[in-house]
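Here is the structure we will look at.
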Amino acid sequence: MYLVFSFTMFLLGGSMAMVIRAELFQPGLQIVQPEFFNQMTTMHGLIMVFGAVMPAFVGLANWMIPLMIGAPDMALPRMNNWSFWLLPCAFLILVSTLFMEGGAPNFGWTFYAPLSTTYGPPSTTFFIFAIHIMGISSIMGAINVIATILNLRAPGMTLMKMPLFVWTWLITAFLLIAVMPVLAGVVTMMLMDINFGTSFFDASGGGDPVLFQHVFWFFGHPEVYIMILPAFGAISHIIPAFSRKPLFGYASMVYAVGAIALLSFIVWAHHMFTVGVPLAGQLFFMYATMLIAVPTGVKVFNWVATMFRGSLSFEAPMLFAVAFVILFTIGGFSGLMLAIAPSDFQYHDTYFVVAHFHYVLVPGAIFGIFAAAYFWLPKWTGHMYDEALAKTHFWLSFIGMNLAFFPMHFLGLAGMPRRIPDYALQFADFNMISSIGAFMFGATQLLFLLIVVRCVRGGEPAPAKPWEGAEGLEWTVPSPAPYHTFSTPPEVK
Amino acid sequence: MAENQTYYVPEQSKWPIVATIGLGVTLYGLASILVNGGRGESTTGAWVMFMVGALIMAYMLFGWFGSVIRESRAGLYSAQMDRSFRWGMSWFIFSEVMFFAAFFGALFYVRMFAVPWLGGEGDKGSSAMLWEGFQATWPLVQNPDPEAYPGPREVIGPWGLPLINTLLLVSSSFTVTVAHHALKAGHRHTVKVWLGATIVLGLSFLVLQAEEYVHAYQELDLTLQSGIYGSTFFMLTGFHGAHVTLGTLMLFIMLVRVFKGHFTADNHFGFEAAAWYWHFVDVVWLALFVFVYIL
Ligand code: HEM
Ligand SMILES: [Cu+2]
């Protein structure tokens, strides 16, 4: 359910990205009005973050965590069900703002005040409630994950024997519970400023618009890790399976994820170097941000070490996983460049930032989801997917994605600002390449739909354990896994 | 996890969908009230929608909790389920803590950075040029732009009503603990008395709080619109008050359940959850008392 919803949103958010890239195909205003363009960038960001990536990971959690820890289902199934149904409800409200007087939210997915308060369209109030509903949904989903993991593990499965996907989700759920209420708090302050005359973000009443950014990014930075940690987990299953070697450095992986999560609470102002944070603050946030690269590096090193001298084979999940490691590392490096406060003065709000976060989110979060989907599809459906088509999907996505986002680095370094519908002539060539890549990437995703539908419909029957090197409880049960698989818990040595 | 049992997986339930529709309709209605009202259009339709949503929510709450209570009474829940509920409630309270943390964070930021900067202090003091002559004080009675945000005449001191309210809430935390011990010891009658006392204390708190608001609005001109002091003051105390209301309601339901004889000495998670929540509300109040009223 979650996965279907998430894919629908992925296509919707994707088509908005296509509008953006179509407009940016050539300099000048051709297709859409600037006003509508802004609505598209805003909605694209919101839908991809909250509608596609997060529900996809929650979906994977709902399906895989019980199987991996030997539980019949999630700990609080009804609450789980509610947190799912809230999502379509929230997005119905969000999308309906497109048709309202004054248009949809147009202030970017970060909805900075006062753009979103004093100067926001009337539909902002609806947007705020949509965020509230999503927040309730995420918090309940996360509570459920934690309760399941802490309480429903099979006898003998100690914490340090838990599969990494479970570990990463445990930590992600903690992050969610810690920061989603803060998001709720910040949108509530917006609501009050807009409708009840408070002055949280208005300096003439003694408030401060920068306060908005602090509170938002206190949520926002952990949020980006919420979107990547579960992918780390899935990749840590896939790489050992196709290297036919156990994961290198299990314990250090667990500690690295923990360290990343803790650090993610003290780096938020790296998004705000240019707003005039005091010097001491800039230094602190700069070094804290760079510190995150250390545990991240540990993880990359461990993945590579796992592959080293393994007997590798490259089925679709592994292709996505390897691409994940390489491309995510590129995104990590551009992150480090942005983390250097003085150079960020130059890069901030240019396409360089856009390139950075698309490199960590597309080959990071999205490829992680694809890899996980191919890896576990046989378990879910009981059929093998079409390997040749899946490889095509991979290569087209890989090429399309790089074509779309790599040139953005150059655009950004040359000074092209983000969130504009028109640009100076010297940026034309790279933008055209980028748009072509984006169309290619977008169209390729229809292929994924085809592959999954065909796999659900039929195909070669899958054995209980389709991947020779895979480990874990989920492979001990038949494919597809029966309803409420482990009614009585299995023993784990 | 030595003591795993077979886990009870409840049958499909319609409540989650009802709850979603209820919440969606309520909030959509509320947003329409605000937006249409802001434009000066009629809000009747929006009110109808809001009320319908609220009714659905009420129906859902009764139905959902009703069925949970029935299942629990039928002995369907194992010790392991009980632990799931406990984890669930603890993490829920943690999320509430973070919700308040956002508002406290805003308060600290404004007091320590934003307002002093506007008054010309430190290396960000250049923002003082925006409103020359603005004096940074706390409580902020003179806003940077008094035209847009006329400041309050006076603010509420801590040693009157707020102190009484503190005493009320602290003692209510105490009474609810006594009730809990009595429940564990199996003295039903004592539970009724002390739980009832807790509810009375909670209600008196709410009444006094309401009085304080009336006083602030009518005599002190301390309102939501009176700049950042009013904004943070009403935001923090208002959300706290809402939580006290919810907590009192929960305790009241527990009292009804005690009268019906629902709880046993060792199976009363509903009661404990309400008591935890009540302690949490109390702790938030103490933080409020210190940071909003005294300092
Ligand atoms: C080594 C790790 C990383 C570092 C050092 C880093 C650093 C940064 C910095 C300094 C910025 C702000 C740039 C600016 O606005 O001027 C930024 C933006 C961003 N980063 Fe990262 N980052 C890292 C990893 C990640 C990951 C793993 C994700 C998500 C999966 C991510 C997602 C984002 C997003 C979405 C933005 C842009 C937000 C916006 O303004 O819209 N980053 N990063
Ligand atoms: Cu960040």
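The values are calculated or read from the model by the stated rules, or taken from the named source; none is laboratory data. Note that this is a predicted model, so its numbers are computed, not measured. Quick reminder, even Gly has a Cβ in these numbers, built from the backbone with ideal geometry, and neighbours come from all protein chains shown.
Look at A:ALA90 and say whether it is buried (at least 24 other Cβ atoms within 10 Å of the Cβ), within 30 Å of A:VAL166 (Cβ to Cβ) and in contact (Cβ under 8 Å) with a residue 24 or more places away in the chain. Yes, satisfied. The residues of the range A:71-110 that are among the small types (Gly, Ala, Ser) and more than 9 Å from chain B (Cβ to nearest Cβ), listed by number, are A:GLY102, A:GLY103, A:ALA104, A:GLY108. Within the range A:419-432, residues that are free of Cβ contacts under 8 Å to residues at least 40 places away in the same chain and hydrophobic (A, V, I, L, M, F, W, C) reach partners that are crowded, with 16+ Cβ neighbours inside 10 Å and part of a helix (DSSP H, G or I) with beta carbons closer than 8 Å, at six or more positions or on different chains, in the pairs A:PHE430/A:PRO407; A:PHE430/A:MET408; A:PHE430/A:PHE410; A:PHE430/A:LEU411.
If you check B:PHE205 against the conditions, is it of a type outside the set (Asp, Glu), free of Cβ contacts under 8 Å to residues at least 40 places away in the same chain and either outside the structural domain of B:VAL256 (by TED's automatic domain parsing) or part of a helix (DSSP H, G or I) (or both)? In short, no.
Within the range A:147-165, being within 29 Å of B:ILE17 (Cβ to Cβ) and surrounded by fewer than 24 Cβ atoms within 10 Å (Cβ to Cβ) holds for A:LEU150, A:ASN151. Do you know which residues across the range A:118-160 are more than 7 Å from chain B (Cβ to nearest Cβ), more than 17 Å from A:LEU46 (Cα to Cα), of a type in the set (S, T, N, Q) and touching a residue at least 24 places away in the same chain (Cβ under 8 Å)? Those that are more than 7 Å from chain B (Cβ to nearest Cβ), more than 17 Å from A:LEU46 (Cα to Cα), of a type in the set (S, T, N, Q) and touching a residue at least 24 places away in the same chain (Cβ under 8 Å): A:THR118, A:ASN144, A:THR148. Looking only at the range B:105-149, residues that are within 7 Å of chain A (Cβ to nearest Cβ), of a type in the set (A, V, I, L, M) and assigned to a loop (DSSP other than H, G, I, E, B) come to 2 in all.
Close contacts from the range B:177-188, counting a first residue that is more than 16 Å from B:ILE199 (Cβ to Cβ) and a second that is part of a helix (DSSP H, G or I) and of a type in the set (Gly, Ala, Ser), with Cβ to Cβ under 9 Å and a gap of 6+ residues or different chains, come to B:ARG188/B:ALA182.
What's the total number of residues in the range A:199-213 that are part of a loop (DSSP other than H, G, I, E, B) and facing chain B (nearest Cβ under 7 Å)?
In the first step, residues of the range A:199-213 are kept if they are part of a loop (DSSP other than H, G, I, E, B); the result is A:199-202, A:206-208.
Next cut, facing chain B (nearest Cβ under 7 Å) only: A:199-200, A:206-208.
The total comes to 5.
Conditions tested, residue by residue: (1) within 18 Å of the chain's Cα centre (by Cα); (2) under 21 Å from A:THR172 (Cα atoms); (3) at pLDDT below 90; (4) within 16 Å of ligand 1 (Cβ to nearest atom).
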position: A:ILE226; (1), (2), (3), (4): yes, yes, no, yes
position: A:PRO230; (1), (2), (3), (4): yes, yes, no, yes
position: A:SER236; (1), (2), (3), (4): yes, yes, no, yes
position: A:LYS245; (1), (2), (3), (4): no, no, yes, no
position: A:PRO278; (1), (2), (3), (4): no, no, yes, no
position: A:VAL294; (1), (2), (3), (4): no, yes, no, yes
position: A:VAL304; (1), (2), (3), (4): no, no, no, no
position: A:MET318; (1), (2), (3), (4): no, no, no, no
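Can you find even one residue in the range A:212-220 that is within 21 Å of the chain's Cα centre (by Cα) and near ligand 1 (Cβ under 9 Å from one of its atoms)? So far as the range A:212-220 goes, yes, one or more of its residues are within 21 Å of the chain's Cα centre (by Cα) and near ligand 1 (Cβ under 9 Å from one of its atoms). For the range A:95-117, taking the residues that are of a type outside the set (S, T, N, Q) and within 14 Å of ligand 1 (Cβ to nearest atom), the one that is nearest to A:GLU223 (Cα to Cα) is identified as A:TRP109.
Restricting attention to the range A:348-400, the residues being free of Cβ contacts under 8 Å to residues at least 40 places away in the same chain and not in a helix (DSSP H, G or I) number 0.
Just for the range A:247-276: of the residues that are aromatic (Phe, Trp, Tyr) and within 14 Å of chain B (Cβ to nearest Cβ), which one is farthest from ligand 1 (Cβ to nearest atom)? Among residues in the range A:247-276 that are aromatic (Phe, Trp, Tyr) and within 14 Å of chain B (Cβ to nearest Cβ), the one farthest from ligand 1 (Cβ to nearest atom) is A:PHE265. Among residues of the range B:245-278 being in a helix (DSSP H, G or I) and among the β-branched types (Val, Ile, Thr), the one that is surrounded by the most Cβ atoms within 10 Å (Cβ to Cβ) is B:THR248.
Just one of the numbered conditions (1) away from ligand 2 (no atom under 16 Å from the Cβ); (2) part of a helix (DSSP H, G or I) is not true of A:LEU247: (2).
Against the list (1) touching a Gly at 6+ places or on another chain (Cβ under 7 Å); (2) more than 8 Å from chain A (Cβ to nearest Cβ), the condition B:ALA102 fails is (2).
Filtering the range A:401-432 to residues that are over 21 Å from the mean Cα position of the chain (by Cα) and not in a helix (DSSP H, G or I) leaves A:ALA414, A:GLY415, A:MET416, A:PRO417, A:ILE420, A:PRO421, A:ASP422, A:TYR423, A:ALA424. With respect to being aliphatic (A, V, I, L, M), closer than 17 Å to B:MET250 by Cβ and without any contact (Cβ under 8 Å) to a residue 60 or more places away in the chain, B:LEU61 fits the description.
When you go through A:ILE136, A:ILE128 one by one, which is the residue that is surrounded by fewer than 24 Cβ atoms within 10 Å (Cβ to Cβ) and assigned to a helix (DSSP H, G or I)?
Working: A:ILE128 fails: surrounded by fewer than 24 Cβ atoms within 10 Å (Cβ to Cβ).
A:ILE136 is the lone residue from the list that is surrounded by fewer than 24 Cβ atoms within 10 Å (Cβ to Cβ) and assigned to a helix (DSSP H, G or I).
Here the range B:219-238 is the region considered, the condition is being among the aliphatic types (A, V, I, L, M) and within 7 Å of chain A (Cβ to nearest Cβ), and the residue that is farthest from the chain's Cα centre (by Cα) is B:ILE228.
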